[in-house]
Every structure is written in C-alpha cells, then in structure tokens.
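Input: a single structure, listed below in structure tokens.
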Amino acid sequence: MQRVSGDGLHIRLQLQNDNDMEVLPTLIESLKAQKSYLFACQSCRETILMERVFRRVLPLPNGNWNALVDDWCCHPDPFANRKLLPRKDDCLLGDTFVLVNWGSGPNEALILEPETADTDVSKENGGKDLMQKPNKNVRVICKCCRAMLGEVISSDTLKLYITEVTVKSPIEDSENTNLLNRSLFVENVIACRIVEVSSSQSTFRFSVQGHDGKAYILLWLLNADTLLVSSKTSVSGSAFIPSEDISYNEHKSYCASNVVKVLYLPCVTSNHKDIVDAWEKDIGVHSLPLPVTTCQELLLLLSASTGSLPPSMRTMNTFQVAFMKLASN
C-alpha cells in the first residue's frame, strides 16, 4: 500500500482468475474458403450481402509492400499503378478490411454515395452509374441506418471495413458477438487486430488513418497479456464507457478481462507534428485504415480509458496510456 500525491492509495493485490479465457480472432483471421457467410451491418444488424461461398480467401500484401519493391526487384516495379482486385467468388483480406466481388452489383440494402455533394446519382438506379464510373471517394452506405460500411474500389469490387460489418454463417445463432454494443465492438476488433498484426509481422507501432488518408491516432502496443478487473464493466458495454445496465454489488466477484496496454497520441492537433511526421516516414510503422467516424470513436474510447486511470498513470513521455479490451470467450 502506498499513498501517491494526487492519486490517493495505490494497493497491490493478488488476482485470482479461475476462467481460462481464449482471445477470439477477428474477421480477417476467421474467414475461410468453401464456407457460406452472410454480411451484415454491425450498427443495425441489417443483412447487406446475402449468402456467399468464397472459392478463395487470400491475404493482401503488407501495407508497406510498395516501399520494399525496390529492395526485392532488380527491374522496374511490375505492380506500379496496378490494383490487386478479387475475382468472382474471391475474398481478399487487408489489415482492416476485406475486398469482395459483388457480381450482380449493389443490392437494395446498400446505397452508393459520393463524398462530395456534386451529384445525387447514388439515390437513383441503386448507384449503377457510380458502379460504371467508380470513384475512389464513393462510399458504401447502409440504407437502413446510414452507417458508412466501406468504399467502391472498382466497377465490381467492394471494400468493407471489419469495424463496420459482421459476418456469420447462415445457420449461426443470431445471439452472438454481433449483438455487442458499438463501443465494445470497435474496442474488441481494433485491440484484437493490432495483436494479430504485431504477432505476424513483429510490428508494434500503428498509425490509425481515416479513409481520407489522414492520420488520426498513433498507437504503440506495449502489452498484450494484461488482465484488467474493473467495477465499472458491464455485461455488454466497454470497460471504460459506463452502460445503463450496470448493477453494483458489494460482494460481487468481478470478471477479469484480457486487455492490451497501449500508448497513443492524437493527431487531430498540430502539437506533436514532429512525432507524427517521423512516424509517417518510418517504414516500421504499420498503417491501419478505418472510416473517419470510427477513428473518432476509437479516440473517444482511448480517452475514456485514460480518464479512468489515476493521474500519475495517464501519460508516458508525450503519449497517453490506455487499455483496450480483447474479445474472449
């Protein structure tokens, strides 16, 4: 026990955890070939792509692969100005998104909408004109709840972000992780994904970028094997954003959660432009593209986590400290 000025009492306790919790994989790690899947909007659970059976499920190259081509090849870059797109019945896996060929075109559950308001073509003909003349700024919107789910990459290719959609088999029970609230879903997916990427590529620094290409958050993974016990954790909510269904019990045994400890630095201001510029030029920093609104959601989650810590534990050098909950069973 130690009294820290401004914090109060710091107490070291022995934690006993009787549950053997296994971290669940993200969509990127769980999709398999020759299996049937349904794609749904995470926000409203509306099905956006009906039953799909992928003949091939293949990973896309590392986000920094273009920068390494000169070191690998003794001739000009053979992939310059060429996109890697899925064929029919293919699914290509990026770091935070999947590319699918949607064959017959957009269905009634989706709306194609340009970023700029210079045309209303997305509201006519189901966006067919935009499909014929795809633009890199054409967004894919859920018709039911108006959430941005992805982007149009080409006339027959759709990019869907794993923070915006859920995927399940047609026979799967609907009462599963798809019913997590939005905050916890985003927290789980991003936490699990940075652990997967750091494990497979030995990288621990990430630049969370909006779909506009702008960096919003710098993330530095410190620990991926931490257990967190919080009296503010609810059954369905984030460990750091209180939910309405929290019930306090003086004698309750709280469940321990698998969490990752991260350092983060918001890029929304120019206070640390030198650090942001250095990270953007560093090939060891891995970019994680997400919709801009999701970047903002993530920043709120991280800020809530930081605010739940004692003042003396909230910062490390110029970075802020936060914990993110991993999805586990």
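The values are calculated or read from the model by the stated rules, or taken from the named source; none is laboratory data. This structure is a prediction, so every number in the text was calculated from the model and none was measured. Every residue, glycine among them, receives a Cβ derived from its backbone with ideal geometry; neighbour counts consider all protein chains shown. Quick note on the areas: whole protein, heavy atoms, side chains included, nothing else; ligands and nucleic acids left out. Shrake-Rupley method; radii C 1.70, N 1.55, O 1.52, S 1.80 Å.
Each residue was assigned an accessible area with a 1.4 Å probe, and for LEU24 the value is about 50 Å².
Distance check, please: which entries in LYS88/LYS159; LYS214/LYS273; LYS32/LYS159; LYS168/LYS214; LYS35/LYS261; LYS214/LYS281 exceed 24 angstrom between their Cα atoms? Provide the component values of the computation, followed by the final result.
On the way: LYS88/LYS159 14 Å; LYS214/LYS273 13 Å; LYS32/LYS159 18 Å; LYS168/LYS214 31 Å; LYS35/LYS261 35 Å; LYS214/LYS281 14 Å.
Checking Cα-Cα distances, LYS168/LYS214; LYS35/LYS261 exceed 24 Å.
Ordering ARG12, ARG82, ARG205 by accessible surface, largest first, gives ARG12, ARG82, ARG205; the 1.4 Å probe counts only protein heavy atoms, with every chain in place.
Largest first, how would MET21, MET324, MET313, MET50 line up by accessible area (1.4 Å probe)? Walk me through the intermediate numbers first.
Working: MET21 45, MET324 5, MET313 95, MET50 125 Å².
Reading off the accessible areas and sorting them downward yields MET50, MET313, MET21, MET324.
The heavy atoms of GLU46 present about 80 square angstrom of accessible area, all protein chains included, probe 1.4 Å.
Report relative contact order for the stretch 250-328 in percent, whole number only (criteria: Cα-Cα under 8 Å, sequence separation at least 6). Walk me through the numbers before you get to the answer.
Numbers: 57 pairs, mean separation 42.6, N = 79.
Relative CO of the stretch 250-328 lands at 54 percent.
Considering only the other residues whose Cβ falls under 12 Å of the Cβ of PHE54, what net charge follows from Lys and Arg at +1 and Asp and Glu at -1? Net local charge, PHE54 excluded: +4. The candidates ARG146, ARG45, arranged from most to least accessible area with a 1.4 Å probe in the full protein assembly, appear as ARG146, ARG45.
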